[in-house]
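Okay, structure first, notes after.
Nothing in this text is a laboratory measurement; each read-out follows from the coordinates by a stated rule. For clarity, every value in this text was computed on a predicted model and none was experimentally measured. For neighbour counting, all protein chains shown are included, and Cβ atoms are generated from backbone atoms with ideal geometry for every residue, glycine included.
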Amino acid sequence: MEFDELALDEQLQIARRGTAYFAQRLARFSDADLGGNTLLPGWTRRHLLAHIGYNAAALCRLLDWAATGIETPMYASAEQRAREIDEGSTLSPAALRNLFTHTAARLDEKWRNLPPTAWAAEVRTAQGRVVPAAETTWMRTREVWIHAVDLASDGRFGDFPSPVLGSLLTDIVGMWRKKGLGIGLVLAVEAATPIAVHEDSTHTARVAGPLAAVARWAAGRGGAGVRIEGHLDGPPGWL
């Protein structure tokens, strides 16, 4: 079962579990450790923490849009988003930790108080996709679970709930198809039907393994636990 097949309360529970999982990984770091590198090139933990905090604030804006009908975009522009993260990374450790805690709590409050009819209201993501407000549960879930691994602590894809892994792989393959990437690539998840990224292409490479390992590889977070057949430099980019 994938994330969007779950009932709304189950989706929210997984999103909240992801926030707690991220918070637990974050708590392992001292304030000095926040200046250390993450798995994301060019980003320290300070950058990542600022991103996670401001992402929650941006999703709050989408929920305000859904509740009021007044358009409130996630970000004014891609440049504004990048500048916000860069500037946020210079905040004190205490301020960064508070940013994460307070924006996560505010997002949860917005979810709890959103009128039932507003969950279906259409809003627009930072990438320009028009989606129902209910999509914010997946948008946040994906952020907190993946970036908990990116903190470079002890976060593991193997800890993710299976609906998160399945939906993440679906998202990634969908982006590859949209961008014309991954031609000839087949993903073979154990106990599941193999996924040909492009059905009409000759299959030249195969990545096989448990769902958590294949999702991790596809997301660009390393190849531990997968078997690769054919020549691959690495997974195609998906964001």
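Looking only at the chain, where both bridge partners belong to it, what percent of the DSSP beta bridges are antiparallel (to the nearest 5)? Please list the in-between numbers first.
On the way: 9 of 14 bridges.
Taking every DSSP beta bridge within the chain, about 65 percent pair in antiparallel fashion.
Dipole size in debye (nearest 20) for the chain around its Cα centre, Lys and Arg Cβ +1, Asp and Glu Cβ -1?
Working: 25 positive and 27 negative charges, 78 e Å.
Charge dipole, the chain, about its Cα centre: 380 debye, nearest 20.
Here the Gaussian network model covers the chain, with springs between Cα atoms less than 10 Å apart; of A58, A15, A224, A224 fluctuates the most. What is the distance in Å between the Cα centres of segment 86-153 and segment 214-239? Using only Cα atoms to place each centre, the spacing works out to 27 Å. In loop segments of segment 1-90 as defined by DSSP, the trypsin sites (Lys or Arg not before Pro) with at most 15 further C-beta atoms inside 10 Å of their C-beta are R28. Could you give the distance between the Cα centres of segment 158-193 and segment 4-23, to the whole Å? Rounded to whole Å, the Cα centres lie 20 Å apart. Using all pairs of distinct alpha-carbon atoms, the Kirkwood hydrodynamic radius of the chain works out to 18.8 angstrom. Restricting the GluC sites (Glu not before Pro) of segment 58-104 to loop positions (DSSP other than H, G, I, E, B) with no more than 13 neighbouring Cβ atoms within 10 Å leaves E71. Where both bridge residues fall in segment 160-229, DSSP classifies roughly 50% of the beta bridges as antiparallel. Of the residues L96, L8, the one with the fewest other Cβ atoms within 10 Å heads the list, and the complete ranking is L8, L96.
In whole angstrom, segment 110-239 maps to an equivalent ellipsoid with semi-axes of 29, 18, 12, each derived as √(5λ) from the alpha carbon gyration tensor and ordered largest first.
Calculated on C-alpha atoms, the gyration radius of segment 160-229 divided by its Kirkwood radius gives an Rg/Rh of 0.93.
Fewest-first ordering of V130, V226 by other beta carbons within 10 Å of each residue's beta carbon gives V130, V226. Close amide H pairs (under 5 Å, H built 1.01 Å from N) link F160 with no residue at least 5 positions away or on another chain. Working value for segment 1-130: equivalent-ellipsoid semi-axes of 27, 18, 13 Å, each the square root of 5 times a Cα gyration tensor eigenvalue, largest first. Counting only alpha carbon atoms, the long axis of helix 162-179 and the longest principal axis of the chain meet at about 80°.
What percent does the relative contact order of the chain come to when contacts are Cα pairs within less than 8 Å and at least six residues apart?
Here the relative contact order equals 20 percent.
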